[in-house]
Structure formats: C-alpha cells, structure tokens
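Trainee: First the structure, then my questions, so here it is.
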Amino acid sequence: MAKYSFIVPVYNTEKYLDKCLRSLVNQTFKDFEIIIVNDGSTDGSKNIISKYQKFSDVTVINQVNQGLSEARNNVVKKAMGEYLIFIDSDDYVEKDLLKVVDDNVGSSDVLRYQVITEDEDGNNKKPFNEAPFSSLSGPRAIEVLANYKYVELACLYVFKRTFWNQNNFSFMKGKYHEDFGLIPYVVFCAASVTSVDYPGYHYVQRKGSIMNDKDYQKEVKKANDILEQYLIIKKNVNKDKHSGVDKSYLLSFLANSVILKARYLKDDDLDKYLAKLKSNKVFDDVKDDGIKRKLKKLLMKLNVKIYLKVVKWKKYQ
C-alpha cells in the first residue's frame, strides 16, 4: 500500500496537464500512487493521460462529467494511501514535495505546505510565506491560519485518510469555492495540524479557470454559494461533538470571507446579498477583540459598502 495518494481530477486542461503529471511521477520520494480521474474531458487531456498509464503507480478513471467536487469524492473512495493529497490538474508541484511532507508529517491528521502563485506562462511568481508550526489542535491551527489568504485551498494540504473517512468529509456538489465549504472545517476537526514553510505548490492562475472567470452571473453564484457553505459549516460546528471548543476564529474567518465576497457584486445583487448577510447575522461572527478589530467591525456594521472599499485585501481576518 502506498503511503501517499495524489488525487488529480482532470477536465479540459491539456495545456497544463503534462507539466502537472510530470511533477508528480518525478517525485524524489517514491512511496506514492497517483489516481487520475478524467471527468469527461473533451479536449486532448485523455491523450496526455494515456502516456502516464505505463507507470505502475498511476491509476486512471474515466467518467462522464460530474464536476470537480464529485470527481474528488469518487476518487477518495478508491485511494489506498495513508495520506490524501488533492492536486489541481492545471498546477504543478516541486519534485521534493513528498520528501518534505514525509519528513514533517509525523502523526498529524493534517499537514500544510506553502504556495507560489504564477500566471499561465510561468511568470509573475509570488510566494506566500507563513510562519510554520507543529502539532497544534485544529481550532488553534485555524486561529493561526486565518491570518492568511489561502487557508481554504485543498491543494495546499495533506490529509490522513483514516481521519478523512472517519469524519465522512466530502466536497459539496455543484458549488463554486467548494474548498471553502469544507477545508476550514476539516482543519478545525483535526486533533493535530502541522504547517511547514516549504513553497512546494505552484498555483497557476489561468484565464478561464473557476477562480478567474469574469462572467458576472458566475460571480453572483459564487457569492451565494460561499454564503450557503458558511451556513452549513456554522451548523456543523455547533453540534454537540464540538461543545466546549473555541469556534470563534473559524467563524470569524468564514464570516470575513463571505463579507468580502460582496465586493464582486453590484447594484441590486449587492443589496440583496448584504440583506442576506444581515438576516443570517454574519456580521456577528466577526471577532472584535482588540482596537483594530473593534473599529473594523464597527465600520462594517455602520456602512459595509465603505468597508469593502477600504479594507485591505490580503488578509481575511
């Protein structure tokens, strides 16, 4: 049985796919499997995937298009590794990623590494560095990670498979920002979380991706999806099994993320969205400890539209 399972959903990413898969098969640490799910691609992705079927540690699954969430959920059921690693097929990783992971994962339920963003031509590279830590509880890890923009991306984490399966985690189907709707809660539930200061993941911000699509109606759906997922996580963390656990940092991170999503909306859509935030008491979950946070929350409640114009973008918290 392999120690690590790379899970790679693929849908029409032929321009980037070979670089992605090459970065996985060429890992210096060799105890891994790669499960590629071709989610109904209509471009040349299937031909690229076929070149990698010769590797004994590569498994290919072909299915009709079901979307990223279901592709991930389906493959988790087939993974045999001790740890799960989700890779987006238009991104790639450093060749020593698994070696660094294996040197640091220990008995952690969750391990996090760092990201380098770049454009689709490999230019404008920007590393995001975070202070490393080891063996923090999930709620304490959220308190630290909520200071950084990329806390919710599944591709920046390694998850112990038994921990994942025992909690029946799954990505919501048919939603934008499905990572937001699950990953913060996964981290919160972990008994032990480790973060390393290794920039091992290259996050390619390509034109036409879910994260960069400029179609306005999609922006409206993204905002409503992220609100819906926030409400589901809030319901989950208030269940009895989490009684006595500090939920404030998790809920504050989520609330800030949901509120900032409003900056992509305009006119009636903005007013309707802000009304939903108010009716669901989203603003109440924003922490107000310390003078800066108190002032931020006050401005947020007095005039959220002004707040959206002046708030710094990099941090959600």
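Trainee: Could you please find all residues in the range 80-105 being hydrophobic (A, V, I, L, M, F, W, C) and open to solvent by 70 Å² or more (accessible area, probe 1.4 Å)?
Mentor: Once the filter is applied, which keeps residues that are hydrophobic (A, V, I, L, M, F, W, C) and open to solvent by 70 Å² or more (accessible area, probe 1.4 Å), the range 80-105 yields only 80.
Trainee: Of the residues 104, 74, 124, 47, only one is modelled with pLDDT under 95 and more than 26 Å from residue 178 (Cα to Cα); which?
Mentor: That would be 124, the only listed residue that is modelled with pLDDT under 95 and more than 26 Å from residue 178 (Cα to Cα).
Trainee: Next question, about the same structure. Pick from 287, 222, 272: which is over 17 Å from the mean Cα position of the chain (by Cα), under 26 Å from residue 305 (Cβ atoms) and either in a helix (DSSP H, G or I) or modelled with pLDDT of 95 or more (or both)? Before you say what the answer is, go through the steps one by one.
Mentor: Numbers: 287 fails: either in a helix (DSSP H, G or I) or modelled with pLDDT of 95 or more (or both); 222 fails: over 17 Å from the mean Cα position of the chain (by Cα).
None of the other options fit; the residue is 272.
Trainee: Here is a further query. Would you point out which residue out of 270, 251 is closer than 18 Å to residue 222 by Cβ and either touching a helix residue (DSSP H, G or I) at 6+ places or on another chain (Cβ under 8 Å) or open to solvent by less than 70 Å² (accessible area, probe 1.4 Å) (or both)?
Mentor: 270
Trainee: Same structure, new question: Mind checking which residues of the range 106-165 are surrounded by fewer than 21 Cβ atoms within 10 Å (Cβ to Cβ), among the small types (Gly, Ala, Ser) and over 18 Å from residue 201 (Cβ atoms)?
Mentor: Those that are surrounded by fewer than 21 Cβ atoms within 10 Å (Cβ to Cβ), among the small types (Gly, Ala, Ser) and over 18 Å from residue 201 (Cβ atoms): 106, 107, 134, 135, 137.
Trainee: Here is a check on your reading of the model: is residue 28 of a type in the set (Val, Ile, Thr), outside any helix (DSSP H, G or I), in contact with an Asp or Glu (Cβ under 6 Å, 6 or more places away or on another chain) and surrounded by fewer than 16 Cβ atoms within 10 Å (Cβ to Cβ)?
Mentor: So residue 28 passes the test.
Trainee: Follow-up. Looking at the range 184-196, I want the residues that are closer than 26 Å to residue 116 by Cβ and in a strand (DSSP E or B) and have a partner that is of a type in the set (Asp, Glu) and open to solvent by 10 Å² or more (accessible area, probe 1.4 Å) with Cβ atoms under 7 Å, at least 6 apart or on another chain. Which pairs are those?
Mentor: Qualifying pairs under 7 Å: 193/109; 195/130.
Trainee: Within the range 31-55, track down each residue that is open to solvent by 50 Å² or more (accessible area, probe 1.4 Å), among the hydroxyl-bearing types (Ser, Thr, Tyr) and assigned to a loop (DSSP other than H, G, I, E, B).
Mentor: Selection gives 42 alone.
Trainee: Which numbered condition trips up residue 171, out of (1) assigned to a loop (DSSP other than H, G, I, E, B); (2) out of contact with any strand residue (DSSP E or B) (no Cβ under 7 Å at 6 or more places or on another chain); (3) open to solvent by 10 Å² or more (accessible area, probe 1.4 Å); (4) under 20 Å from residue 7 (Cβ atoms)?
Mentor: The single condition residue 171 does not satisfy is (3).
Trainee: Of the residues that sit in the range 56-99 and are outside any loop (DSSP other than H, G, I, E, B) and basic (Lys, Arg), which one is farthest from residue 119 (Cα to Cα)?
Mentor: 99
The values are calculated or read from the model by the stated rules, or taken from the named source; none is laboratory data. Computed from a predicted structure; not experimentally measured. Every residue, glycine among them, receives a Cβ derived from its backbone with ideal geometry; neighbour counts consider all protein chains shown. These area figures cover heavy atoms from the full protein model, side chains too; ligands, DNA and RNA do not enter into them. Shrake-Rupley method; radii C 1.70, N 1.55, O 1.52, S 1.80 Å.
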